[in-house]
Amino acid sequence: MFAVLGAAGKTGRYLVERLCADGHDVIAVGRSRARLEALGDGCRHAIADFDHPVSVAKALIGARRVVNLVHARHTGILLDCLPTSCERLVLIGSTRRFTTLPDPAADEVRAAETLFLSSGVTGVMLHPSMIYGAPDDRNVNRILRYLKRWPKWLPVPVPLPAGGRRTVQPVFVDDV
């Protein structure tokens with residue numbers, strides 16, 4: 001069984017839909033009953049909030065695979081709440097983790113990664129940059145709308161940091 005925390009968020013909705021379509025048993029975990037119910041009947045729903053760790057632990061009972069799509073700052077609580085049935089954990093971090101600029105959010109991601117790596121829990125922490133391609137994607141679609149208005153006589157700019165050799169490239173949602 002998969003437990004997806006942050007299931008009602010942009011990436012979470014897409015992941016839950018995909019896991020259910022592939023025939024997996026899924027528990028969609030989130031804070032809002034209404035948003036979870038909007039995911040449909042293809043999965044079970046569990047209300048949980050990291051401000052109430054007992055609710056997180058209860059939602060994860062029996063989960064063999066846990067995917068955490070909520071902010072990495074909650075990693076410590078999640079690690080404390082993982083059931084013994086958990087065989088694999090997937091955490092979402094951010095490429096902000098690699099910044100050398102002062103950034104409290106990046107510090108939280110780095111701290112979460114350190115906690116995870118020292119926990120001994122089997123899994124992975126992914127550090128995607130901008131995630132695009134979901135049906136309600138706002139990032140790339142916004143850029144495309146802008147480019148449609150771009151004057152045809154001007155060359156089209158292509159935003160590839162360091163000519164496409166950097167780790168901050170956009171990531172297609174299916175690849176995440």
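Looking at (1) at pLDDT below 95; (2) under 16 Å from L69 (Cα atoms), which is the one condition that is false for A112?
Condition not satisfied by A112: (1).
When you go through (1) surrounded by 18 or more Cβ atoms within 10 Å (Cβ to Cβ); (2) aliphatic (A, V, I, L, M); (3) assigned to a helix (DSSP H, G or I) one by one for A111, which number turns out not to apply?
Going through (1) surrounded by 18 or more Cβ atoms within 10 Å (Cβ to Cβ); (2) aliphatic (A, V, I, L, M); (3) assigned to a helix (DSSP H, G or I) one by one, A111 breaks only (1).
When only residues in the stretch 96-108 that are surrounded by fewer than 18 Cβ atoms within 10 Å (Cβ to Cβ) and under 27 Å from Y14 (Cα atoms) count, which is nearest to the chain's Cα centre (by Cα)?
It comes out as A105.
Listed residues R44, R13, R18, R33; which is among the charged types (D, E, K, R) and in contact with a helix residue (DSSP H, G or I) (Cβ under 9 Å, 6 or more places away or on another chain)?
The conditions single out R13.
Where in the stretch 1-90 are the strands (runs of 3 or more DSSP E), entirely inside, with at least 3 residues that are open to solvent by 40 Å² or more (accessible area, probe 1.4 Å)?
44-47
Could you list, in sequence order, the residues of the stretch 115-140 that are polar (S, T, N, Q) and either surrounded by 13 or more Cβ atoms within 10 Å (Cβ to Cβ) or within 20 Å of H71 (Cβ to Cβ) (or both)?
Correct list: S118, S119, S129, N139.
The values are calculated or read from the model by the stated rules, or taken from the named source; none is laboratory data. Computed from a prediction, not measured in an experiment: that's the story for all the values here. Every residue, glycine as well, gets a Cβ built from its backbone with ideal geometry; the counts of neighbours run over all protein chains shown. The accessibility values were calculated without ligands, DNA or RNA, using every heavy atom of the protein model including side chains. Shrake-Rupley method; radii C 1.70, N 1.55, O 1.52, S 1.80 Å.
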